[in-house]
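Participant: Have a look at this one.
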Amino acid sequence: MDREQKAALVRRQKYFVFGDVFVFAAALLLIAALTAFAFLAPREEGNSFTVWYDGRAVFTASLAEDAVYVFTVGSGSVVRYEEGADHEAYNIIEVADGKVRVREADCRSQDCVHRGAADWGEIVCLPHSMRIEINGEEAQPPVDY
Ligand SMILES: [Zn+2]
């Protein structure tokens with residue numbers, strides 16, 4: 001092997017190393033993209049929410065408008081909440097930054113409060129037979145339970 005051949009061989013090896021790095025990086029990118037898709041795809045962000053009480057849709061509002069509502073057990077009414085107002089058997093529902101949460105409630109379990117703010121899925125308050133369902137772009141009318 002003369003000098004020229006050796007130099008050519010080294011160049012070729014370098015070329016292959018660069019090729020490997022490129023393939024490796026592409027594979028990593030693909031994995032990252034698939035992982036991101038798997039995480040993001042099922043979480044279709046909602047644009048509105050519906051309050052269900054005893055199997056009836058009692059209220060629907062946009063997630064785009066920040067607001068505070070109060071749900072009352074019995075009547076099943078949902079109205080704008082006035083700060084400082086006293087309620088019994090209630091869930092205070094707050095919409096902020098495109099998410100909805102139960103800010104406060106006097107239910108036994110407090111599960112609805114602990115669920116935190118959500119922009120997909122649903123928030124359930126079993127003791128009050130109430131649930132908040134977040135409606136996505138392609139959401140179908142929910143089935144009663
Ligand atoms: Zn609750």
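Nothing in this text is a laboratory measurement; each read-out follows from the coordinates by a stated rule. Please read all numbers here as calculations on a predicted model, not as lab measurements. Don't worry about glycine lacking a Cβ; one is built from the backbone with ideal geometry, like all the others, and counts go over all protein chains shown.
Participant: Tell me, in nm to one decimal, what length is gained between PHE18 and SER129 on full extension, where the rule is 0.36 nm per residue of separation less the Cα-Cα distance?
Facilitator: Using 0.36 nm per residue and subtracting the Cα-Cα distance, I get 33.8 nm.
Participant: Right, next: Among the Cys residues of the chain, which have no other cysteine Cβ under 4.7 angstrom away?
Facilitator: CYS107
Participant: Evaluated at 20 °C with a viscosity of 1.002 mPa s, what Stokes-Einstein diffusion coefficient in µm²/s does the chain have when Rh comes from the Kirkwood expression over alpha-carbon pairs?
Facilitator: Estimated diffusion coefficient is 115 µm²/s.
Participant: Whose amide H sits under 5 Å from the amide H of MET130, counting only residues 5 or more places off or on another chain, with H placed in the peptide plane?
Facilitator: The list, which skips near neighbours in sequence, is CYS125.
Participant: Net charge near VAL70, counting Lys/Arg +1 and Asp/Glu -1 over other residues with Cβ under 14 Å of its Cβ? Intermediate values should be presented prior to the final figure.
Facilitator: On the way: positive: ARG80, ARG101, ARG103; negative: GLU82, GLU83, ASP86, GLU88, GLU94, GLU104, ASP106.
My count for the surroundings of VAL70 gives -4.
Participant: For GLU104, which sequence-distant residues (separation of 5 or more, or a different chain) have an amide H within less than 5 Å of its own amide H, given hydrogens modelled in the peptide plane?
Facilitator: The list, which skips near neighbours in sequence, is ILE92.
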